[in-house]
Amino acid sequence: DVRINGTNRFLLEPLVEARMLQYALKGRFQSVLVLGAASLPSVEMVASFARNVVVVEPEKRFTDAAQHLLRRHNVTVIETSLKEGYARQAPYDCIFVTGAMAQIPSVIASQLAVGGCMLAVLRPSAMGAGRIVATLRLSEDEFETISLADASTPYLAGFAPENGFQF
């Protein structure tokens, strides 16, 4: 992973990004939600295969860069909290997360269409490695998670595990 100068944000490691994209591009997605605009190559690749891509990004400098560099008719960049996703255009066939998460928040999972998939790196503990996972929504209340590969991706802002005392 490469730190973006002057920030606490990272580009995804190329192998992690490639594995996630490889799985994502197996599907025929009409609408995709991307959490985080720092990994523009991922967004560009997804946008070349999806009909509609919504990119959610809380930092103005990244939304400005994404709007300037991603001049595609099918990409909309929204400056808002990553933790909320963007329910206004849900459900999404695919949700692509450009960093690690300790867990998948229910507010994000609820925006996934039945039959859709969410691609993320899950790292429940900051002390351990994570896994690239594809979470499939099988029905309104049923999800299945498939583990794809190991990954030690840094956490996406706001998705690190909460600090707490443990034995």
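The values are calculated or read from the model by the stated rules, or taken from the named source; none is laboratory data. Since this is a predicted model, take the numbers as computed values, not measurements. Please note: Cβ atoms are built from the backbone with ideal geometry, for glycine as well, and neighbour counts cover all protein chains shown. For accessibility, only protein heavy atoms count, side chains too; no ligands or nucleic acids. Shrake-Rupley method; radii C 1.70, N 1.55, O 1.52, S 1.80 Å.
Suppose only helical runs count, i.e. DSSP H with n ≥ 4. What mean residue ellipticity at 222 nm does that imply for the chain under -39500 (n - 2.57) per run, divided by all residues and rounded to the nearest 500 deg cm²/dmol? Could you put the intermediate results ahead of the total?
Values: 4 runs with 33 residues, N = 167.
Calculated at 222 nm, the ellipticity per residue is -5500 deg cm²/dmol.
Solvent exposure of the chain, expressed per residue, is 53 Å² of accessible area, with all protein chains present and a 1.4 angstrom probe. Taking the structure as given and computing Kirkwood radius over Cα pairs in Å, which label from [x] 17.3; [y] 15.8; [z] 17.8 fits? Computing Kirkwood radius over Cα pairs in Å and matching it to [x] 17.3; [y] 15.8; [z] 17.8 gives [y]. If you take all other residues with their beta carbon under 12 Å from the beta carbon of GLN67, and give Lys and Arg +1 and Asp and Glu -1, the sum is +1.
Between the range 107-167 and the range 64-96, the C-alpha centres lie 19 angstrom from each other. Overall, the chain carries a charge dipole of about 380 debye about its Cα centre when +1 sits on the Cβ of Lys and Arg and -1 on the Cβ of Asp and Glu, all other atoms neutral. Taking all protein chains together and rolling a 1.4 Å probe, ILE104 ends up with roughly 50 Å² accessible.
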